[in-house]
Amino acid sequence: MSSSLRIFIANLYPRCPNPDSALGMPPHSDHGLLTLVIQNGVGGLQIQHKGVWVNVNAIPNSILVNTADQLEIFSNGKYKSVLHRVVVNNEKTRISIAMANGPSGDTVVGPAPKLLEKRGCVSSYAPMKYKDYILSQQSNQLKCKSILEQLQIHEEGN
Ligand SMILES: O=C(O)CCC(=O)C(=O)O
Ligand SMILES: [Fe+2]
């Protein structure tokens, strides 16, 4: 991969009078390889672990690194992209800055051939051009891992 695509996202979650009936950001996984996140010390980010939403209590002055969809595809599922969401609270405003890092938009991403060869396994994901992946995800309005699931190849008879 000779170049990369980096998307800079600034998120503002104002305090909410009724936090139990609102979400700052719905459950989703990020489209790239790795996402770097910094935030203003106000919690709200949660990741799904074994079906349960877990608070991410960010360490002050740290950069959080989230695994994203192209990494899951490239590693043929070894590194799963993390499903996450943001909840709001009625006391403080959360601000976060996310830097999504991926290959160039024209890169067709599929499982790494050498990895498949070494492990003697078949591809579990259909290849797709990264920019088409982003467009599909955006037209689908952050619905969990729906685009990734569409690319998954399920072996018959298992
Ligand atoms: O506010 C956060 O920590 C998460 C932001 C996020 O998930 C995103 O921008 O994709
Ligand atoms: Fe995200």
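Suppose accessible area is computed on protein heavy atoms with a 1.4 Å probe; arrange R85, R94, R119, R6 from highest to lowest.
Working: R85 50, R94 15, R119 120, R6 150 Å².
Ranking R85, R94, R119, R6 by accessible area, largest first, yields R6, R119, R85, R94.
How much of the accessible area of the stretch 80-121, in percent, comes from carbon and sulfur atoms when a 1.4 Å probe is used? Before the final figure, lay out each step's value.
Working: 1260 of 2260 Å².
Roughly 56 percent, rounded to a whole number.
Here the stretch 5-151 is treated with +1 on each Lys and Arg Cβ and -1 on each Asp and Glu Cβ, and its dipole about the Cα centre works out to around 200 debye.
Could you state the accessible area per residue of the stretch 5-151 in Å², with a 1.4 Å probe and every protein chain left in place?
That works out to 57 Å² for each residue.
Classify the stretch 17-73 as rounded, prolate or oblate from the Cα gyration tensor: take a ≥ b ≥ c as the square roots of its eigenvalues, call it rounded if a/c is under 1.5, otherwise prolate when a/b beats b/c and oblate if not. Taking the square roots of the gyration eigenvalues as a ≥ b ≥ c, the stretch 17-73 is oblate. Each of the GluC sites (Glu not before Pro) that DSSP puts in a loop and that has at most 15 other Cβ atoms within 10 Å breaks the chain; the longest unbroken stretch is 1-90. Taking every DSSP helix (H) stretch of at least 4 residues in the chain, weighting each as -39,500 (n - 2.57) and dividing the sum by the residue count yields a mean residue ellipticity at 222 nm of -4500 deg cm²/dmol. Approximating the spin labels as points 7 Å out from Cα along Cα→Cβ, the D132-to-K50 distance works out to 3.9 nm.
Taking all protein chains together and rolling a 1.4 Å probe, F8 ends up with roughly 130 Å² accessible.
At 1.4 Å probe size, with the rest of the protein present, what percent of the exposed accessible area of the stretch 1-65 is carbon and sulfur atoms? Working shown, then result.
Values: 2530 of 4400 Å².
It is 57 percent, rounded to a whole number.
Apply the a/c threshold of 1.5 to the C-alpha gyration tensor of the chain and tell me whether it is rounded, prolate or oblate. Taking the square roots of the gyration eigenvalues as a ≥ b ≥ c, the chain is prolate.
The values are calculated or read from the model by the stated rules, or taken from the named source; none is laboratory data. Computed from a predicted structure; not experimentally measured. So basically every Cβ, Gly included, is an ideal-geometry build from the backbone, and we count neighbours across all protein chains shown. In case anyone asks, the SASA skips ligands and DNA or RNA and just uses the protein heavy atoms, side chains included. Shrake-Rupley method; radii C 1.70, N 1.55, O 1.52, S 1.80 Å.
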